[in-house]
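The values are calculated or read from the model by the stated rules, or taken from the named source; none is laboratory data. Keep in mind it's a predicted model, so treat the numbers as computed, not measured. FYI the Cβ positions are ideal-geometry reconstructions off the backbone, even for glycines, and counts take in every protein chain you see. Heads up: the accessible areas ignore ligands, DNA and RNA and are worked out on the full protein's heavy atoms, side chains in. Shrake-Rupley method; radii C 1.70, N 1.55, O 1.52, S 1.80 Å.
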Amino acid sequence: MKDIAQRFIQNPLLSPKDLKPSRPGLEITCLLNPGVFTFEGKTWLLVRVAERPRQQEGVISFPVLKGTGIEIIAISADDPDLNTDDPRVIRYRGLDYLTTLSHLRLLCSDDGLHFYEPEGYPLLQGETPQEAFGVEDCRVALIEGMYYLTYTAVSERGVGVGLRKTKDWKNFESIGMIIPPHNKDCAIFEEKINGKFYALHRPSSVDIGGNYIWIAESPDGIHWGGHKCIITTRKNHWDSARVGAGAAPIKTEKGWLEIYHGANAGHKYCLGAFLLDLEDPAIVLARSVEPIMEPMATYELTGFFGHVVFTNGHVVHGDELTIYYGAADEFVCGAKFSIHEILTSLTYHHDS
Ligand code: MAN
């Protein structure tokens with residue numbers, strides 16, 4: 001296995017203590033999985049901020065959105081109906097909740113390393129009943145002067161893909177849920193192809209099928225059809241349990257390059273890449289056999305949910321790809337890659 005990521009020596013770039021909670025009574029548990037974009041000459045992160053009340057001895061408590069406020073649900077830790085095996089999820093009496101409530105926070109930087117919260121920009125929170133358990137892991141795509149924000153919208157009704165649009169990061173148009181449950185990891189291509197929008201997304205099938213990456217097309221970036229499955233999980237590989245797209249595909253001479261995450265049954269999250277045909281992005285030309293990045297630094301191995309590197313945002317300058325990523329679901333980190341090196345590391349299919 002060859003990890004070809006050049007991690008920033010300054011990692012982690014952001015930790016929960018670096019920001020203030022969004023409201024009294026909550027503390028920040030995790031900062032993770034930022035969407036990334038450039039705007040007015042700066043690098044911006046749309047960081048997922050996951051919060052919950054300070055945990056008291058013998059009680060498990062977590063927030064959910066109720067209108068514009070929050071409700072705290074508290075369950076006795078020794079309740080026999082409570083299952084907290086996964087630190088991300090609370091299973092209680094046949095229902096699933098999240099241990100934390102996530103919103104999205106804007107931070108910017110002049111050097112791509114030191115990020116701060118600028119004045120005058122809003123927090124992006126869940127707005128509808130479909131977002132009562134929060135908004136997560138936003139991908140940002142800039143298409144013809146408009147930023148498209150696709151994020152995971154979570155509620156007791158399921159996990160789907162929400163869309164908001166903005167030109168100035170101060171005024172937002174909320175479109176609502178564009179792909180219904182169960183679906184996440186939606187990344188819109190930053191260019192139309194043959195006049196159509198394209199997006200990668202990740203439905204989950206409980207029985208037949210699996211956690212696979214699909215591609216879809218759209219006339220307007222809102223209504224999606226023509227769905228095709230393009231990347232499946234691989235038995236006995238690092239990506240045997242689930243795969244999901246990262247940020248918008250990167251246009252290269254060889255094709256659309258996508259960085260994706262894959263996890264195995266033990267919930268170890270690594271990154272790999274695949275390459276799609278420039279003219280028909282439903283055709284997969286090549287894919288990583290081994291990960292291009294796997295959790296190995298202490299801040300990736302130990303944290304809220306260890307052994308995780310997860311990216312949904314990057315910046316490209318020529319051959320240099322800078323990814324920002326969530327490490328151990330607790331910290332925001334950065335790493336650089338050579339796009340040429342990723343392209344050469346892929347295994348190309350003979351029949352394409
Ligand atoms: C899921 C999502 C991500 C998270 C990973 C690892 O894919 O909830 O937000 O980073 O799991 O826990």
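The table for this structure:
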item: Number of the condition not met by Leu142 [criteria: (1) open to solvent by less than 60 Å² (accessible area, probe 1.4 Å); (2) under 21 Å from Gly246 (Cβ atoms)]; result: (1)
item: Flag for Pro34 being within 19 Å of Phe304 (Cβ to Cβ) and not in a loop (DSSP other than H, G, I, E, B); result: yes
item: Answer residue from segment 314-336, given it is touching an Asp or Glu at 6+ places or on another chain (Cβ under 8 Å) and not small (Gly, Ala, Ser) and is most open to solvent (accessible area, probe 1.4 Å) among those; result: Lys336
item: Selection within segment 65-84 - under 18 Å from Arg105 (Cα atoms) and either open to solvent by 70 Å² or more (accessible area, probe 1.4 Å) or in contact with a Ser or Thr (Cβ under 9 Å, 6 or more places away or on another chain) (or both); result: Leu65, Thr68
item: Sole residue being of a type in the set (Gly, Ala, Ser), within 26 Å of Lys196 (Cβ to Cβ) and over 17 Å from the mean Cα position of the chain (by Cα), chosen from Gly246, Gly225; result: Gly225
item: Residue match in segment 148-159 (condition: crowded, with 21+ Cβ neighbours inside 10 Å and away from the ligand (no atom under 16 Å from the Cβ)); result: yes
item: Residue list for segment 189-204, filter: more than 16 Å from the ligand (Cβ to nearest atom), of a type outside the set (Phe, Trp, Tyr) and either open to solvent by less than 70 Å² (accessible area, probe 1.4 Å) or farther than 22 Å from Asn33 by Cβ (or both); result: Glu191, Lys192, Ile193, Asn194, Gly195, Lys196, Ala199
item: In segment 309-352, residue nearest to the chain's Cα centre (by Cα) [restricted to those that are of a type in the set (Phe, Trp, Tyr) and closer than 18 Å to Gly35 by Cα]; result: Phe310
item: Which numbered condition Glu300 fails, given (1) outside any strand (DSSP E or B); (2) more than 16 Å from the ligand (Cβ to nearest atom); result: (2)
item: Candidate set from segment 224-243 (those that are closer than 18 Å to Ala282 by Cα and surrounded by fewer than 21 Cβ atoms within 10 Å (Cβ to Cβ)); member that is nearest to the ligand (Cβ to nearest atom); result: Thr233
item: Thr311 vs. criteria in contact with a Gly (Cβ under 7 Å, 6 or more places away or on another chain), open to solvent by less than 20 Å² (accessible area, probe 1.4 Å), within 14 Å of the ligand (Cβ to nearest atom) and under 20 Å from Glu190 (Cα atoms); result: yes
item: Residues being free of Cβ contacts under 8 Å to residues at least 60 places away in the same chain and touching a strand residue (DSSP E or B) at 6+ places or on another chain (Cβ under 7 Å) - total across segment 152-171; result: 12
item: Counted residues, segment 113-136 - those being surrounded by fewer than 20 Cβ atoms within 10 Å (Cβ to Cβ), part of a loop (DSSP other than H, G, I, E, B) and of a type outside the set (A, V, I, L, M); result: 10
item: Within segment 172-188, considering residues that are touching a residue at least 24 places away in the same chain (Cβ under 8 Å) and outside any strand (DSSP E or B), the one surrounded by the fewest Cβ atoms within 10 Å (Cβ to Cβ); result: His182
item: Residues that are assigned to a loop (DSSP other than H, G, I, E, B), surrounded by fewer than 14 Cβ atoms within 10 Å (Cβ to Cβ) and in contact (Cβ under 8 Å) with a residue 40 or more places away in the chain, drawn from segment 89-110; result: Asp110
item: Positions within segment 286-297 being among the charged types (D, E, K, R), buried (at least 17 other Cβ atoms within 10 Å of the Cβ) and either assigned to a strand (DSSP E or B) or away from the ligand (no atom under 16 Å from the Cβ) (or both), in sequence order; result: Arg287
item: Leading residue by the ranking (nearest to Thr84 (Cα to Cα)) among those in segment 29-44 that are away from the ligand (no atom under 15 Å from the Cβ) and surrounded by 20 or more Cβ atoms within 10 Å (Cβ to Cβ); result: Val36
item: Members of segment 160-171 found to be open to solvent by less than 40 Å² (accessible area, probe 1.4 Å) and not in a strand (DSSP E or B), listed by number; result: Trp169
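Residue-by-condition table, conditions (1) open to solvent by less than 20 Å² (accessible area, probe 1.4 Å); (2) charged (D, E, K, R); (3) within 14 Å of the ligand (Cβ to nearest atom):
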{"site": "Gly246", "(1), (2), (3)": "yes, no, yes"}
{"site": "Pro249", "(1), (2), (3)": "yes, no, no"}
{"site": "Gly255", "(1), (2), (3)": "yes, no, no"}
{"site": "His261", "(1), (2), (3)": "yes, no, yes"}
{"site": "His267", "(1), (2), (3)": "no, no, yes"}
{"site": "Leu271", "(1), (2), (3)": "yes, no, yes"}
{"site": "Leu276", "(1), (2), (3)": "yes, no, no"}
{"site": "Asp280", "(1), (2), (3)": "no, yes, no"}
